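Notes follow the structure.
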Amino acid sequence: EAGVAQSPRYKIIEKRQSVAFWCNPISGHATLYWYQQTLGQGPKLLIQFQNNGVVDDSQLPKDRFSAERLKGVDSTLKIQPAKLEDSAVYLCASSFGGPNTEAFFGQGTRLTVV
Amino acid sequence: KQEVTQIPAALSVPEGENLVLNCSFTDSAIYNLQWFRQDPGKGLTSLLLIQSSQREQTSGRLNASLDKSSGRSTLYIAASQPGDSATYLCAVQNFVFGPGTRLSVLP
């Protein structure tokens, strides 16, 4: 069974530029999560999708971050414009059901904003 | 607001020791708690998922317990090996993560 796929693995951009991350969850998984992880911290949930609907985006900085999950499968997370403090690892995860089911993570995208 | 803490922040032990990692959460109304392992520069690997109706789960040398009333979970690692060196994180309902315990097992 293929795992959660993310791309790119690494990205370096200048502040005020835009960037997009892509995630392909495990086949059949209805729930998809995006997290932000900074050095020495646990992941922080940015947004949760159930199929193609948003369940929780309370911690998503909506003035600069946006995410979509078209057709309830792949998802993209976009930052525009990027700030220095957005430097982090962006992790995507999926689970078969809701938050009471096991989550599986991708390798993450390491973003450096200079 | 749910908060998750983990103690200790870092741990260094000689190979072969049994060890316990601790996870505490403030709101006991949870569906489940999951333990993960994270290797440097990698994503998270699921180790054990404990549903709120369960008291413990076991996988190989790993055993995780859950006490909702006290807001605690422990991860027990038996006969530790150098390959166990990683950061161990707990998470409540896939939403709120602790900061992790960085484990080093010395050969």
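What the table shows:
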| quantity | calculated |
| --- | --- |
| Chain B - charge dipole about Cα centre, Lys and Arg +1 at Cβ, Asp and Glu -1, debye rounded to 20 | 180 |
| Members of the range B:65-107 that become less accessible by 20 Å² or more once partner protein chains are added (1.4 angstrom probe, chain alone as reference) | B:N94, B:F95, B:F97, B:P99 |
| Environment charge of B:D84, counting only residues whose C-beta is closer than 11 Å and scoring Lys/Arg +1, Asp/Glu -1 | -1 |
| Shape category assigned to chain A from the gyration tensor of Cα positions, a/c cut at 1.5 | prolate |
| Options B:F95, B:T74, B:V20, ranked by Cα towards positive dipole end of the protein assembly as shown, top entry (Cβ charges) | B:F95 |
| Cα centre as origin, Lys/Arg/Asp/Glu Cβ charges: the range A:1-89 dipole, Debye | 260 |
| Residue-level accessible surface for B:T45, protein heavy atoms, 1.4 Å, Å² | 70 |
| Total accessible surface hidden between A and B, rounded to 100 Å², 1.4 Å probe | 1500 |
| Rg in Å to one decimal, and Dmax rounded to a whole Å, for the protein assembly as shown via C-alpha atoms | 17.4, 50 |
| Three-way shape label, the range B:21-107, alpha-carbon gyration tensor, a/c 1.5 | prolate |
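The values are calculated or read from the model by the stated rules, or taken from the named source; none is laboratory data. This one's a predicted model, so the numbers in the text were calculated from it and none came from an experiment. Cβ atoms come from the backbone with ideal geometry, glycine included; neighbour counts cover every protein chain shown. What goes into the accessible areas is simple: the full protein's heavy atoms, side chains included, and nothing from ligands, DNA or RNA. Shrake-Rupley method; radii C 1.70, N 1.55, O 1.52, S 1.80 Å.
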